[in-house]
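Student: The structure is given below, and queries will be raised subsequently.
The values are calculated or read from the model by the stated rules, or taken from the named source; none is laboratory data. Source: prediction; values computed, not measured. Cβ placement follows ideal geometry from the backbone for every residue including glycine, while neighbour counts extend to all protein chains displayed.
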Amino acid sequence: MPKVGIVVPTMGTRPDYLPQCLNSIQKAGTGANEAYVVMVAPTVFDTKEFIASGLVHKIVADPGKGLSEAINAGFDAMPDEIEYINWLGDDDLLTEGSIDTGAKYLDTHPRTVMVFGGSDYMSPDGETLWTNNSGPWVVPLMRFGPNLTPQPGSLFRKSVFLDVGGLDPKYGWAFDFDLFIKFSKVGRLSFLKTVVSRFRWHPESLSVKQRGMSVAEASKIRVSHLPSLLRPISLLWEWPVQQATLFAGKVVTARARKAERKE
């Protein structure tokens, strides 16, 4: 039984991207680190071909309560033997060998609860727009600044994920940010000096268009994790942090639209 598990939530509406996503997971881990893949999908989506191909090991019906609940359902369906987990959007990619790299680090660093690395932002057609290749300094920054920790390509211990209560379903966009802050309170988040994923940026997608709501939710999460004495004065830095985050998103969106026009 593999010790790494990846959940792929999908609505089945991206037939071109989904096989690419699943194939990238297969190439990201080898041997004992070959990933056990759980796909969470609506019951109306025909998943037989993915089971037959061996790219997916188990299908779970989407509970229809939002993305965080879908991902939690996927993790609940993981075999007990799985030690390290993450999820991957059906239009995103892992880089070759990235699961091997992350799992080997967790194997040899017991105080680390999560590893993460760099992530390429790419256009819908796969052109690299920008690389988020930050570093370990993004972990302390989470308490007072933007979340620059890439979720795609990271790996975390399933036991710790369960200990902190999994993904909080009351958050619709920034639930990964809430999870990372919780992780930082119980162990180390370690940076891998390599690009581990490719995140597809859709200029017209709902998540990009509603980025303002996502940024506002991240602010709410950040403040909720502050000591009570600091919360009343958090507006001093929260407004500029939100504006800087929104501006960065606009820059990436402009690059993505420019790349689309070139096609």
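Student: Could you list all residues from region 216-263 that are among the hydroxyl-bearing types (Ser, Thr, Tyr) and either under 17 Å from ASP178 (Cα atoms) or modelled with pLDDT of 75 or more (or both)?
Tutor: SER219, SER224, SER228, SER234, THR245
Student: Among the candidates MET78, MET114, which residue alone is under 14 Å from PHE161 (Cβ atoms), under 18 Å from the mean Cα position of the chain (by Cα), part of a loop (DSSP other than H, G, I, E, B) and modelled with pLDDT of 95 or more?
Tutor: MET78
Quick grid of which residues meet (1) farther than 19 Å from SER98 by Cβ; (2) outside any loop (DSSP other than H, G, I, E, B):
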| site | (1), (2) |
| --- | --- |
| PRO146 | yes, no |
| VAL160 | yes, yes |
| LYS170 | yes, no |
| LEU192 | no, yes |
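Student: Sticking with this one: Within region 112-141, count every residue that is among the charged types (D, E, K, R) and exposed (fewer than 14 other Cβ atoms within 10 Å of the Cβ).
Tutor: Selection size over region 112-141: 1.
Student: Name the one entry in PRO63, PRO42 that is of a type outside the set (Gly, Ala, Ser), touching a helix residue (DSSP H, G or I) at 6+ places or on another chain (Cβ under 9 Å) and modelled with pLDDT of 95 or more.
Tutor: PRO63
Student: Among the residues of region 196-203, are any surrounded by 19 or more Cβ atoms within 10 Å (Cβ to Cβ) and touching a Gly at 6+ places or on another chain (Cβ under 6 Å)? Full working, then the answer.
Tutor: Quick first cut of region 196-203, residues surrounded by 19 or more Cβ atoms within 10 Å (Cβ to Cβ) only: 196-201.
Those left that are additionally touching a Gly at 6+ places or on another chain (Cβ under 6 Å): 196-197.
Scanning region 196-203 turns up at least one residue that is surrounded by 19 or more Cβ atoms within 10 Å (Cβ to Cβ) and touching a Gly at 6+ places or on another chain (Cβ under 6 Å).
Student: I'd like the full set of residues that are among the aliphatic types (A, V, I, L, M), surrounded by fewer than 21 Cβ atoms within 10 Å (Cβ to Cβ) and more than 21 Å from LEU179 (Cβ to Cβ), limited to region 79-111.
Tutor: Across region 79-111, there are no qualifying residues.
Student: Quick check: anything in region 173-185 outside any helix (DSSP H, G or I), in contact (Cβ under 8 Å) with a residue 60 or more places away in the chain and surrounded by 15 or more Cβ atoms within 10 Å (Cβ to Cβ)?
Tutor: no
Student: Tell me whether region 61-76 contains one or more residues that are closer than 29 Å to LYS250 by Cα, touching a Leu at 6+ places or on another chain (Cβ under 9 Å), without any contact (Cβ under 8 Å) to a residue 60 or more places away in the chain and of a type in the set (Val, Ile, Thr).
Tutor: no
Student: May I pose another question? Applying the selection to region 125-139, what residues are in contact with a Ser or Thr (Cβ under 9 Å, 6 or more places away or on another chain) and not in a strand (DSSP E or B)?
Tutor: Within region 125-139, ASN133, SER134, PRO136, VAL138, VAL139 meet the criteria.
Student: May I ask you to list pairs of residues, at least six apart or on different chains, whose Cβ atoms are under 6 Å apart, with the first in region 102-119 being of a type in the set (Val, Ile, Thr) and the second being surrounded by fewer than 23 Cβ atoms within 10 Å (Cβ to Cβ) and not in a helix (DSSP H, G or I)?
Tutor: If the second residue must be surrounded by fewer than 23 Cβ atoms within 10 Å (Cβ to Cβ) and not in a helix (DSSP H, G or I), the pairs left are THR112/ARG188; THR112/SER190; VAL113/ARG157; VAL113/GLY187; VAL115/SER190; VAL115/LEU192.
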